[in-house]
Each structure stands twice: as structure tokens, then as C-alpha cells.
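The values are calculated or read from the model by the stated rules, or taken from the named source; none is laboratory data. Treat the numbers as computed from the prediction; the structure is a model and nothing was measured. Glycine also receives a Cβ, built like all others from the backbone with ideal geometry; neighbour counts cover every protein chain displayed. The area values use the complete protein model at the heavy-atom level, side chains included, leaving out ligands, DNA and RNA. Shrake-Rupley method; radii C 1.70, N 1.55, O 1.52, S 1.80 Å.
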Amino acid sequence: MSEAVAQQAEEQEPEVDLSIADKVIDKYIDLPGNLMPVLQGVQDAYGYVPRKVADYVAERLNVYPSQIYGVLTFYAQFHLKPRGRFIIRVCVGTACHVSGAPRIVETFFDKLHIGHAETTPDLRYTFEKVACLGACGMAPLAMVNDDTFGKMTVQKVDEIIAEYNQRPMK
Amino acid sequence: MVNLTIDDKQVTAPKNSTIYDAAKINGIKIPILCHDKKLKPFGACRMCLVEVEQMRGRQVPACTTPITEGMIIRTSTPDIIKARKMVLELLLLNHPIDCPVCDKGGDCDLQNLTYEYKVNANRFSDEKFHHEIDYSNPLIERDMNRCVLCGKCARICDEIVSFGALTFISRGIETKIGCEFEGSLNCEFCGSCVSVCPVGSLLARPFKFKARFWALTNQKSVCGYCGTGCNLTLGVKDNKVLTTVYDENQGFHNGQLCCRGRFGYQFINSDKRLNTPLVRKNGSLTEATWDEALELVAARLKGAGSSAAALATPRLTNEELVLFKRLMETAGSANYDHSAGYAHAALTEGFAKSFGAAASPATILDIQKSDLLLVIKTDSYETHPVIGFEINMAVKNKGVKLNILSDKRGKLSKLPDAQTLVHTPGSEIAVINALAKTILDDKLAAGTAAAIPGYADLEKALAGFTPEAVAGQSGLAASAIKRLANDYAKAEKALILFPIGNAYPGHNADLASAVANLALLTGKLGTEGSGVLCMAEKNNSQGAVDMGFYATSGLNAGQIMDGCASGAIKTLFVAGENPVVSYPNRAAISAALDKVEFLVVSDLFMTETAAMADVVLPACSFAEKEGTFTSVDRRVQHIKPAIRNIGQSRTDFEIFGQLIAKLGGQAPATPATVFGEIAASAPGYAGMSYASLGETGAFAPVAVTAAFVVPKTVAVEPAAGKLALVTGSALYHNGTLSQFGEGPMHVCPEGYLELSRTDAAKLQIKENDLLNVASAIGSTKLKARITPRMPEGVLFSPYHFGAAAINQVWSGAPVTWVTVTK
């Protein structure tokens, strides 16, 4: 590996504390079929599944690293890149779409300077378009982590961002 | 057997067959892309759809549907043909039609089926894939644009190779085959995935653009690397071996090969091959005629008596070894040996005493039929990878229990439920004795054991080897030793495997006896799935032993080297061996070869040893020879020339024959004549002839006369502040020959020093740091490899390499104490 490439890899993958993964793995180590709970556990703990953690899980569970990657890419629930502290999800299902969801999405893109499934460099926000959140009566709908915002407007986008900019990162 | 009807034909097939298997054994072809007879049914491609009347004519995949009594199956109704055509149309929707430049052209299942089903138009249209082609390694090219997602590569890598380099990534239309985190292939490079790929997604890069598939002549042969005896098909064009061709019906291994077998053939047609005889004139080797060179050698050998000696590589054929022995006898010398003199001792001394035969009382076929495998050293996988595949399959498919006794962990330790007992280096014989002691103490010995000669002596000698006593020196828990002894003794069928070779001096006669004692004590011998398999290093190591090409009344290899140094040996004939690299203590070997008056080397290459010679004779590779090789389990196989001799090279058979004639002896005309003599004299070979060997070869049976032999144990004294270096084989190499195979050298080009993470942290060593390794006899520089498999305080280094060679620090002891500095 050339120095530049090595440096780049370093930047992409910050040092991770494997003792956190150890705790999760220790909990499930004797359980048959433990790969899914372990991967879910480490994702909960780190917010995503860092490559080093995936490799470490492979070593400890004696599962091929490739197989772990196969599982991680098969399920939408796993994330391989760091995720924001606040996950903004805007519904683009039929009901929301007809009540103006595309404009809500565009506004978030403009304000946060990120696109779908992307994360702001300060790791505060991750934005996702989702198919349906199951509350069509409140269309157009947005969610920030577990908070729900119904009858969204372009103005409310500013308010939401202003509010969550004040929230602590931890 | 189950009765069923396929295409209006009454047929029978074994129970548990699938429709596909039943059709196949009855000569009915069902098209398929995702099936390989070695792999579990998968049902990915949907090409094998058939109609089953009992299922109301529904179309079912033949490869995953089990047969039932009275089933009525139709394999090619108009509806089925229509369905298959559509499957092909859908596959071709994304598959690029770049057949003119695809190396798979002519050998491509998709191409052949498209032609067969006349899919000349496509009703659908879609974009092709735009996956990046992986050119990151020199052996395997991955073009996922051509992939049909049959999954065979990922399955073979898991089910047989047990490496798991490839997997399905993502899902739906985005699914592709790849490595973790979309990285490049970093695996064993056995090429199994390439061999089963039905399209041109996985290609052997060394063969790219070399020849169209149909331009090759396929020549069957036997691999010239390790002692497994794998069968090969060489793809030949214009007297050049251009590739190895996969044949799923070849050999016990069904065409399965390792990196060196599949990608290591380039030495045959290497530019570096010696083309003419060379004679040293005024200090430098100059080209000479065969007559001149052979005259010189004959003059030296004539009447030389015991001042002449010979070393041969066990890569020569049985016939050549017999002739070489005869040449030395004609010269009046009994000084001949192979494999450094000690590397065959497990067979020639150990088994010879314990079993009354210098051969293994088990075969490779026993591995999958056993209940429990006890593998001594994880290196068994690296030394004999295709035997390793058999172990993988035994453990993963047949539920065979795997126990490993080793000085480090390894690939085999990762198999499901494998129990690895990691002992301190050099303590294996003591541990095996402790196993025997436990078997005696726990009354687990077979009733027949007490009647075997030497029982009382063994019982007495084992008194000090209680698990508790051995626990201390071996670093193992006494309970673990007891558990293993119980598991081994109580298993209905159990097989012990251990590798031998130049790099494993600890795997000597004593280890062989210790292991034999276990089998004899418990009666795990002589039945299917039980026994002991000693895995000799080179392709004809067992043959060299069977032909008696080792010191019996004369000097052994070590003594020959001493004789060279002292001046007692004046003429040394080395055929194919490269002692400068492959024998321990390089400085001493070089000095001895320097001292010897006249050194003749016949070899394919200008090796480190040949460079010191007075006469160098260009020899032929296995691909140019006729003769027989005997594998580790005494399977005798016949090889025929696949190509004509390269340059002026001659087979060692011709060289020895011509020399015998020059010495006034009678040289046999053909290898077949010599094999006739072998069949008449070598134990177990009786009744064999080239014709009777056929394509699969024949086993030379091993008749066991059992005796208990007390093995000597030498306690390894740790040296304060030093690390224990153990030598061995690297997965990609075998002996020193693989240095001339491009494939192995692409993957593993140089020696290295493996060390544990703990030691690396202590010595502040990073991966690839250049380390100075020093022992009492010398030092060398090796790159660091930090691996989780090494225990603290233990180092591993492979021995194959001429540059930065480990025999500069390794004196031939099983454990060398070294210091490591940056």
C-alpha cells in the first residue's frame, strides 16, 4: 500500500475501540446462529459497522469476512459508514408524494448540503427518503430519530434544523 | 434403488438422488449452469427445469428435486424448451456478448447452451452491468459483468477449500459475487473458483490470450509437486504447456487442485530451463556436447567405489531412481540418498520398525470415511493442500471430528468444531506418548494390543509420560491430553495424519513410532477409515523409499555431506536436489560442495547447487517423461510425455542409462522394462504393469507386521531471551522447484517470518518490517508477517527460497533458538 493510499484508508476508518465489540460478542458467543444479533449489537454500539469491527467479528466468531460482508449488504438495516446523530427520514410514499414530499426533500438537500442516504461531515445529520412511515393521515411526514413531524412545510424544515442544531451530540 | 421414468425410459437410480443425478447416471443430459458434482445442490440457474407428471406437470428444478418411486419425468417438452430459452434470454440480457475476446470461448457453458437452444434474438432489452474488472492479482481475473450468479465459485471456496474468499454481495438486481468490502482477491489462489466458473467471469490470467480452448491438446499427467498424487490435464500447444485444464472426473480429487498444481506449471517451459550440457573450463561453466559431458562423468565414476556418492530428488520417477541406484552400484558405491537423509526416516526407520513396512497403512480415501482425524501439525494443509481439501470435506460434510496437535494454529484450526492443542515447539512426541499412557491407564487399549511384540517395554517406557508430567513441558492442560486420548480411543474409526519433509526434522522415526504406537494400542489399523498416513513431501517420495533409494549399507545424505567436507567423497552426483537451499545449515553445505573434487548436477535449472558444479546436465521435467510416481498412500500412477524434450535436455532415465552403458553395464531400453523389474521385486508392486495401472493408478498394498517401538524423546530446552523458530512449508510452495513456477512466485515471492501479535508488539515490529534473524550458526533478513495463529515466543518461516534463505540460521534442529531485531 502506498503511503497516500494508507493515509486515505486511515482517514476513512477512524480508530475504533474493539473492547466495545468484545462486550457484544461475549454476550452472544455461545448462541447458535449468533451472527445477526452480534452485527445488530455492534451497529447499535458504534452507530454503524466499521470495517475493523466486521473483521474482528469474523475472527472471533470464526466466520469468513466475506460472509459477514454478504450479510451486511443484504440487509438494509446495516450501515457501513458512520451515521449522523440525528436521522432525518422524509416519507416519499404515495400520500406524502401527492402532498408535496418532493419539495420537502429538496429543501432538506439544500439546507444540509447532502443527498439521499448521506451524512453531514460533522456527523450531525443523516438524510433518508423512505417509502412509507405508516402515518399517511399526517402527510407529508418527516421523522427525526423517533420524533414525528406531520403536515410538513418548507418553513418547518428550517424550524426542525434550527431545533436539532441546538441538541447535544451525545 | 428407486424406479422412475425419464423421457419415457424406465430407469433406476440410487435413493437420495436428485432428478438431475438420476438422469445423468442413465445417460440423459439435462442442461445446467450451477451444478458441480462436488458441490451441494443449489438451484440457482433454473436451466435444469423438468416436468414431473405427479406434480401436475409443474416445472421443477432437476438439481434440487429428490426422486421418488414411480416418478414420471419429462426433460424436454416444448414448454420446458420455451422456459429454458427464456432463462437464457434473461441471462443474456445482462451478459456482455464479448465472446471473441473472452478466454472462455469454446469452453463456455452459457455459450454452448445459447447455441444449443438457438437463442439468436432477445425479446427483452436492458443495460449491461458496469462492474469494474478486478485485475489486482496476477493469477485470477474477475469480471463480474459476465457473471450469471450460479454461485459455484463462492460455494466451492466454502464447501471444499474452506477459505470463503467469495460471497454474494447485496441483493436483487445489484447482486454480485465479490470479496469483503468490495476488496480484491486475497486468498489461497488455488483457482478452484476459476475451474468451476461456467462463463468467463473468473479466468486464469497466466493463460489469457495464449490459445483458444479448441487449439489445445489435452494431455493427462500426474502433478510433479507434492506427494498427494493429484491428476492433471495439461493444455499443450506447440510443445508448450500453456495451462492446466479442469476435468471434474479426474482422480480421487475430482479435478480439484491447489495453487502450485493449477498455476505452477510454468517451470516446464520456463526460459530459465537448461538447454545444453555445461562443463567447467577455466573456472566457468561453458557449453559442451552430451558426449563430452557424459564422458567426463563416466571417467570419474568408473571404479570410483565408495569415494563416489549420489543424491537424488524424490521427484524422479521410480524407474529413474532404480537406474540411478544401479549406476552407483556399477560405480561400486552404496552411498546414495535423498531428502537430506532425515526427511524419509519416519518411513524408512519409524514405520519400517513399527509396521514392518516403510509405507503408510492408510490411504487418502480413508479421510472422508473416518470418524475422527488426528492431525499432527496444522502444516498438513500447507504441505498437501488437496489432502487438506479432503479434511475440509470430511469435517464439513461428513461430520468427522478433527483434532489437531500442533505448535501453532492454522487453516485447519478454523474448521467447525476443530480442537487444536497448541503445544510448545518440539514437544509433540512427549504429548503423543502421554496420549498412549492415558490409553493404557484408562484401559482404553484394544484387547489385541498386549500380544504385539514390545508391549511390555512400551508400558515400562511410558511410565514417566503421565498427562500431568507432560503438561508442564508441553504447555497443554493434562485434561486436554486425557480428553484427546479418550476421544481417539473411543472413536470407532480414527486416522492419524502427519507431514514429513526437509523442513520438518522433528517429524522423524521417533514421531512415526509414537504415532504408530497409538494406532497399534487401540487397534485403529487395517480397517476402512482408520490407520496412519505419513504424508511425504515430494511427488515421488514414497516411490524413492519403495525403490530403496536411501542409505542402507552406505552413507546417508548427512554423512555424504560430511564426506565431501572431509575429502572422503571425491565425486558427488546430484540429480535434481538443491542441497544449498533445501538442506539445513547453508554455510556447511556450501563449504562441503566447494570442497568436493568433482560435482555433477543434473537439473532443469541453474540452481544454487548446479552453479557450483563441474558438469551440469540438462534434465527433463515430468511433462517430458515416461515412468511412474508413487503417492503418499502408495498409489502408483503412470505418466506419459505430454511434450517433447526441451532443448537438448534428456530425461534422467536416458542420462543414467547412457552412463551405465559407458561404465560397461547393461542399461535397460525403456522405463517399461524397468517397471517390469520393479513389479517383480518391490514389495506391494507385484503384478503391476503400465497397462494395469490405467488412468487411476493402482495401490501397492501395505502388509503390516506390528511391533511397539519406544520412541526417543528429546526435551527442548528453552534458551533465555530467545524465540523458538520452527521451519516448514508455505502453502504455495513445494521444495525448491516451485520457485520456477510463476503462479506460486506471484503469490509468495520470498521467504518471511511469521510471528505472534504479542511478540510483534513487544519488539515493536510492524507488518513487512525487514527483520534480522540470528541463530548460533548465522543470520538472515526476512520480512515480518504478524498473524494471530502464532503462539507467543514461536516463529515460523518457510524454507523454499534461495535468497534470504532460512537455512542460513537453521541447523537442522526441530527448534532453532533465535534473536530477532529490526
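Picking from residues in region B:245-275 that are among the hydroxyl-bearing types (Ser, Thr, Tyr) and over 26 Å from B:GLN368 (Cα atoms), the one that is surrounded by the most Cβ atoms within 10 Å (Cβ to Cβ) is B:TYR265. All conditions in (1) out of contact with any helix residue (DSSP H, G or I) (no Cβ under 7 Å at 6 or more places or on another chain); (2) in a strand (DSSP E or B); (3) farther than 24 Å from B:SER413 by Cβ hold for B:THR780, with the sole exception of (1). Of the residues making up region A:111-133, at least one is over 17 Å from A:ARG83 (Cβ atoms) and open to solvent by less than 60 Å² (accessible area, probe 1.4 Å). Please state which of the following conditions A:ASP44 fails to meet, knowing it meets all the rest: (1) open to solvent by less than 60 Å² (accessible area, probe 1.4 Å); (2) part of a helix (DSSP H, G or I); (3) not assigned by TED's automatic domain parsing to the domain that holds A:PRO140. That leaves (1) as the condition not met. Scanning region B:40-75 for residues that are open to solvent by 70 Å² or more (accessible area, probe 1.4 Å), part of a loop (DSSP other than H, G, I, E, B) and in contact (Cβ under 8 Å) with a residue 24 or more places away in the chain yields a count of 5. With respect to (1) in contact (Cβ under 8 Å) with a residue 24 or more places away in the chain; (2) out of contact with any helix residue (DSSP H, G or I) (no Cβ under 8 Å at 6 or more places or on another chain); (3) more than 10 Å from chain A (Cβ to nearest Cβ), the lone exception for B:GLY191 is condition (2). When B:LYS24, B:LYS85, B:LYS15, B:LYS37 are checked against the criterion of being open to solvent by 60 Å² or more (accessible area, probe 1.4 Å) and more than 25 Å from B:LEU149 (Cα to Cα), B:LYS15 stands alone in meeting it. Every test in (1) away from chain B (no Cβ under 11 Å); (2) touching a Ser or Thr at 6+ places or on another chain (Cβ under 6 Å); (3) open to solvent by 50 Å² or more (accessible area, probe 1.4 Å) is passed by A:HIS97 save one, and that test is (2). Listed by first and then second residue, the pairs with beta-carbon distance under 6 Å, at least 6 apart or on different chains, first residue in region B:455-467 and within 19 Å of B:LYS353 (Cα to Cα) and assigned by TED's automatic domain parsing to the domain that holds B:ASP442, second open to solvent by less than 60 Å² (accessible area, probe 1.4 Å) and not β-branched (Val, Ile, Thr), are B:TYR455/B:PHE708; B:LEU458/B:PHE708; B:LEU462/B:ASN433; B:LEU462/B:ALA436; B:LEU462/B:LYS437. The single condition from (1) assigned to a helix (DSSP H, G or I); (2) out of contact with any Lys or Arg (no Cβ under 7 Å at 6 or more places or on another chain); (3) within 10 Å of B:LEU347 (Cα to Cα) that B:LEU511 fails is (3).
Please verify whether A:TYR56 is among the aromatic types (Phe, Trp, Tyr), open to solvent by 40 Å² or more (accessible area, probe 1.4 Å) and away from every other protein chain (no Cβ under 13 Å), treating the condition exactly as stated. Write out each step before concluding.
Working: among the aromatic types (Phe, Trp, Tyr): yes; open to solvent by 40 Å² or more (accessible area, probe 1.4 Å): yes; away from every other protein chain (no Cβ under 13 Å): no.
No.
Condition check ((1) free of Cβ contacts under 8 Å to residues at least 12 places away in the same chain; (2) surrounded by 18 or more Cβ atoms within 10 Å (Cβ to Cβ)) across all residues:
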residue: B:PRO277; (1), (2): no, yes
residue: B:SER284; (1), (2): yes, no
residue: B:GLU287; (1), (2): yes, no
residue: B:GLY303; (1), (2): no, no
residue: B:LEU311; (1), (2): no, yes
residue: B:MET328; (1), (2): no, yes
residue: B:HIS338; (1), (2): no, yes
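Residue by residue through region B:159-174, note down the ones that are more than 9 Å from chain A (Cβ to nearest Cβ) and more than 20 Å from the chain's Cα centre (by Cα). Of everything in region B:159-174, those that are more than 9 Å from chain A (Cβ to nearest Cβ) and more than 20 Å from the chain's Cα centre (by Cα) turn out to be B:GLY172, B:ILE173. Of all residue pairs spaced 6 or more apart or on separate chains, those with beta-carbon atoms under 6 Å, a first member in region B:603-616 that is touching a residue at least 60 places away in the same chain (Cβ under 8 Å) and under 16 Å from B:ALA310 (Cβ atoms) and a second member that is outside any strand (DSSP E or B) and not polar (S, T, N, Q) are B:ASP603/B:GLY576; B:ASP603/B:ALA610; B:VAL615/B:ALA293; B:VAL615/B:LEU296; B:VAL615/B:VAL297; B:VAL616/B:ALA610.
Could you name every one of the helices (runs of 4 or more DSSP H) located completely within region B:380-470 that has at least 2 residues being surrounded by 24 or more Cβ atoms within 10 Å (Cβ to Cβ)?
Working: elements: B:385-398, B:428-441, B:455-461.
Because the criterion is at least 2 residues that are surrounded by 24 or more Cβ atoms within 10 Å (Cβ to Cβ), the helices (runs of 4 or more DSSP H) in region B:380-470 that meet it are B:385-398, B:428-441.
Residues that are more than 18 Å from the chain's Cα centre (by Cα) and basic (Lys, Arg) within region B:357-382 comprise just one, B:LYS369.
Can you find, within region A:67-94, the residue that is surrounded by the most Cβ atoms within 10 Å (Cβ to Cβ) among those that are in a helix (DSSP H, G or I) and polar (S, T, N, Q)? The extreme case among them is A:THR73.
Can you tell me which residue within region B:803-822, out of those that are assigned to a loop (DSSP other than H, G, I, E, B) and open to solvent by 10 Å² or more (accessible area, probe 1.4 Å), is nearest to the other protein chains (Cβ to nearest Cβ)?
Of all residues in region B:803-822, those assigned to a loop (DSSP other than H, G, I, E, B) come to B:803-805, B:809-815, B:822.
Within this subset, residues satisfying the condition of being open to solvent by 10 Å² or more (accessible area, probe 1.4 Å) are B:803-804, B:811-815, B:822.
Values: B:ALA803: 23, B:ALA804: 22, B:SER811: 35, B:GLY812: 35, B:ALA813: 33, B:PRO814: 29, B:VAL815: 28, B:LYS822: 19 Å.
Out of the qualifying residues, it is B:LYS822.
Could you say whether any residue in region B:363-371 is among the hydrophobic types (A, V, I, L, M, F, W, C), surrounded by fewer than 24 Cβ atoms within 10 Å (Cβ to Cβ) and in a loop (DSSP other than H, G, I, E, B)? Looking for residues that are among the hydrophobic types (A, V, I, L, M, F, W, C), surrounded by fewer than 24 Cβ atoms within 10 Å (Cβ to Cβ) and in a loop (DSSP other than H, G, I, E, B), one finds none in region B:363-371, hence no.
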